[in-house]
Structure formats: structure tokens, C-alpha cells
1. All but one of (1) at positive phi; (2) modelled with pLDDT of 95 or more hold for residue 118, so report the exception by its number.
2. Condition check: more than 22 Å from residue 156 (Cβ to Cβ), open to solvent by 50 Å² or more (accessible area, probe 1.4 Å) and not aromatic (Phe, Trp, Tyr). Does residue 26 satisfy that?
3. Take the residues in the stretch 6-19 that are open to solvent by less than 70 Å² (accessible area, probe 1.4 Å) and over 15 Å from the mean Cα position of the chain (by Cα); name whichever of them is nearest to residue 120 (Cα to Cα).
4. Of everything in the stretch 93-110, what is assigned to a strand (DSSP E or B) and either open to solvent by 30 Å² or more (accessible area, probe 1.4 Å) or touching a Leu at 6+ places or on another chain (Cβ under 9 Å) (or both)? Give them in sequence order.
5. In the stretch 33-71, which residues are more than 12 Å from the chain's Cα centre (by Cα), assigned to a strand (DSSP E or B) and surrounded by 12 or more Cβ atoms within 10 Å (Cβ to Cβ)?
6. Within the stretch 111-131, how many residues turn out to be assigned to a loop (DSSP other than H, G, I, E, B) and farther than 17 Å from residue 33 by Cβ?
7. With the requirement that a residue be over 19 Å from residue 34 (Cα atoms) and open to solvent by 40 Å² or more (accessible area, probe 1.4 Å), what does the stretch 146-158 give you?
8. Determine if the stretch 73-80 includes at least one residue that is more than 13 Å from residue 13 (Cα to Cα), open to solvent by 50 Å² or more (accessible area, probe 1.4 Å) and part of a strand (DSSP E or B).
Amino acid sequence: MNPFSRIKIRTGALVFCGDDVALIRRDRADSTHYTPPGGNVEDGEDLDAALARELAEELGLDTALAEGGELLWVVDQRVTRPGPTPPPRKLHMIYRFHISPEVRATLAEQELDELPDGSHEVGVIEWIDYRRTAELPIFPPIGPALATLADPRATVANAALDAVTDANYTWV
């Protein structure tokens, strides 16, 4: 099987509370990186259902308590990565929600990601002022676009962000 001959879809969300956005920080032996909460869409699963499931699993967020839910950005990923299986092409669908401080107070502070051996990697939920995300190691690399929004509710003229390829990204 050739690299990128299959496509996976990942739904993710930028969950805002005022100017702060929820990101999951993952500390590894050789790197630290952030991701928006979300995950892969299961075969046959509706995108909205997948997003709601992932936000419930990772943040404890019931999307019925959030405002918004519109698609903000799409990122096309074609990046070589280590491992025994050829990497898929992945389409990251990034949605946007807004929540109140009262809802934020009920959300998870960490996220447990199950690994193939049954153990868990702990992700820490951090609330970061969105204007400070340009230099953060976020994957997919949406930090610069996020940091330049005029405000958390700003309209985005182009939903397609630059593709992530081996030419502009090195897998960490």
C-alpha cells in the first residue's frame, strides 16, 4: 500500500471560553506538543456525532451546552511518519465552539489516550489565550492562523488552511 493511498478524517474543535481556547498538551520523552480536542471519525460515523463523541470523551463537554459548532478550517495532511504502516492522508476538520465560564468549570483537566498496549498517555487540558498560539507546537499546525483571528468569533474568509506535507512539516 502506498503512502496516502487511504484517507482518514479527524474532527477537532477549538473550544473557546472568552479569549482562552482549550488545547491538549502531550509531553513525550523527546517533545511536547498540543492538539485541539478531537479524534478520528469511525467508519460510517456522522461528522457531528464523531465530534460530539470526541469532545465528550476528551473534555467531558456536552456540545448541547456550547454555542456554535461551525466548521472553521480544513487541513489536508500528507506527512511521512515513523512506523510499520504507510501513513494515511488525513483531513482535519476543525470546528469552533464557545462555552461559558460555568460550563468550563465542569470540564476535564486531563485526557487519557489509550495506547495499543492498553496503557494510557496523559494529556493535560490547558486553556491558553488564543493570541499566544502562533509559536506553540500545535498539530495540525493551526497556531499562526488561530493567533491572527481578530477575535474568537471572527469570520474566516478561507476555510482551507495550507496543506501539511513533508516539505513544510517534520513529524515529531
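The values are calculated or read from the model by the stated rules, or taken from the named source; none is laboratory data. Since we're looking at a predicted model, the values are computed, not measured. A quick note on method: Cβ atoms are made from the backbone with ideal geometry, for glycine too, and the neighbour counts reach across all protein chains shown. Note: accessible area is taken over every heavy atom of the protein model, side chains too, but ligands, DNA and RNA are not part of it. Shrake-Rupley method; radii C 1.70, N 1.55, O 1.52, S 1.80 Å.
1. Unmet for residue 118, out of (1) at positive phi; (2) modelled with pLDDT of 95 or more: (2).
2. Considered against the rule, which asks whether it is more than 22 Å from residue 156 (Cβ to Cβ), open to solvent by 50 Å² or more (accessible area, probe 1.4 Å) and not aromatic (Phe, Trp, Tyr), residue 26 comes out as no.
3. Taking the stretch 6-19 first, the residues open to solvent by less than 70 Å² (accessible area, probe 1.4 Å) are 9-19.
With over 15 Å from the mean Cα position of the chain (by Cα) added as a condition, the list becomes 17-19.
Values: 17: 28, 18: 31, 19: 30 Å.
Step by step, filter the stretch 6-19, then rank; the result is 17.
4. From the stretch 93-110, those assigned to a strand (DSSP E or B) are 93-98, 110; that's our starting set.
Correct list: 93, 94, 95, 96, 97, 110.
5. Correct list: 67, 68, 69, 71.
6. If we filter the stretch 111-131 for residues that are assigned to a loop (DSSP other than H, G, I, E, B), which is where we start, we get 115-119.
Those still in the list that are farther than 17 Å from residue 33 by Cβ too: 116-119.
Here the count works out to 4.
7. Here is the first cut: in the stretch 146-158, the residues over 19 Å from residue 34 (Cα atoms) are 150-151, 153-158.
Answer for the stretch 146-158, where residues must be over 19 Å from residue 34 (Cα atoms) and open to solvent by 40 Å² or more (accessible area, probe 1.4 Å): 150, 151, 153, 155, 156, 157, 158.
8. First, the residues of the stretch 73-80 that are more than 13 Å from residue 13 (Cα to Cα): 76-80.
With open to solvent by 50 Å² or more (accessible area, probe 1.4 Å) added as a condition, the list becomes 78, 80.
From what's left, part of a strand (DSSP E or B): 78.
Yes, some residue in the stretch 73-80 is more than 13 Å from residue 13 (Cα to Cα), open to solvent by 50 Å² or more (accessible area, probe 1.4 Å) and part of a strand (DSSP E or B).
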